[in-house]
Amino acid sequence: MNGNIPLHPKRGLDPHLTFCPRCGGDANDLTIGHLRRVELIDNWGRSYDPKQYAYANRGEGTRRVIQELEKANRRFRDWQDVPEGERVPSNGPCDKCEAELVEHKALVAAGGIYWNCNSCSQSGVIKAQSELAKAVRRHAGIEAPAPVGVQFETCDEHTPRPISLT
């Protein structure tokens with residue numbers, strides 16, 4: 001970047017508050033400059049649900065994002081200005097999420113395992129004392145402190161439990 005902030009023609013510095021990309025809560029960052037977004041689409045030209053965007057400042061920032069998306073074979077459409085007052089994703093997690101990630105890393109280093117649910121995209125850590133954590137490490141042949149994890153297709157949150165009529 002050449003050191004210049006791209007100004008919005010009507011809103012000048014055009015500041016935007018940010019949110020944590022991990023939890024959606026408030027972040028401590030503030031963007032300035034003429035900010036634009038582009039909608040990411042799947043290989044068939046359909047929007048994701050919910051919609052996904054890439055953000056960039058007008059000018060060199062937009063060109064850089066286009067190059068990165070093309071290099072990653074990501075499809076996109078419809079560059080547009082970010083509406084005034086819209087919160088945008090921060091460049092990193094909020095302080096609360098950052099602390100949680102540090103805690104998760106320590107739990108995994110102590111023998112726990114990471115987990116992720118494909119249905120709800122939630123994730124976390126299963127502690128080392130769990131039989132599942134022990135079995136996963138044994139099966140994968142990966143000992144602590146090296147990280148290892150499991151991915152579930154669904155979780156209790158999405159799988160109805162059988163109703164007992166007794």
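So here's what we get for this one:
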{"item": "Helix 60-71 axis, angle to the chain major axis (alpha carbon atoms, nearest 10°)", "result": "40 degrees"}
{"item": "Crossing angle, helix 131-140 versus the chain [Cα axis fit, 0-90 degrees, rounded to tens]", "result": "80 degrees"}
{"item": "Point-charge dipole on Cβ atoms (K/R +1, D/E -1) for the range 1-69, about Cα centre, debye to 20", "result": "220 debye"}
{"item": "Among Arg87, Arg22, Arg74, residue whose mean-square fluctuation peaks in a GNM of the chain (springs only between Cα atoms under 10 Å)", "result": "Arg74"}
{"item": "For the range 16-89: rounded, prolate or oblate by the Cα gyration tensor [a/c cutoff 1.5]", "result": "oblate"}
{"item": "Contact order relative to length of the range 65-166, as percent, for alpha carbon pairs under 8 angstrom and 6 or more apart", "result": "23 percent"}
{"item": "³J(HN,Hα), Karplus 6.51/-1.76/1.60, whole Hz, each residue of the range 16-29, x for Gly, Pro", "result": "9, 6, 10, 10, 6, x, 8, 10, x, x, 5, 10, 9, 8"}
{"item": "Prolate/oblate/rounded call for the range 57-107, Cα gyration tensor, a/c under 1.5 rounded", "result": "oblate"}
{"item": "Bins of 5 Å, starting at 0 and running to the largest distance - Cα pair percent for the range 95-152", "result": "4, 21, 30, 24, 15, 5, 1"}
{"item": "The chain: radius of gyration over Cα atoms, expressed as a fraction of 2.2 N^0.38 Å", "result": "1.36"}
{"item": "Relative contact order %, the range 13-86, counting alpha carbon pairs below 8 Å whose residues are six or more apart", "result": "34 percent"}
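Throughout, read-outs are computed from the coordinates displayed, never taken from laboratory work. Keep in mind that this is a model prediction, so the values were computed, not measured. Positions of Cβ are generated from backbone atoms using ideal geometry, with glycine treated the same way; all protein chains shown enter the neighbour counts.
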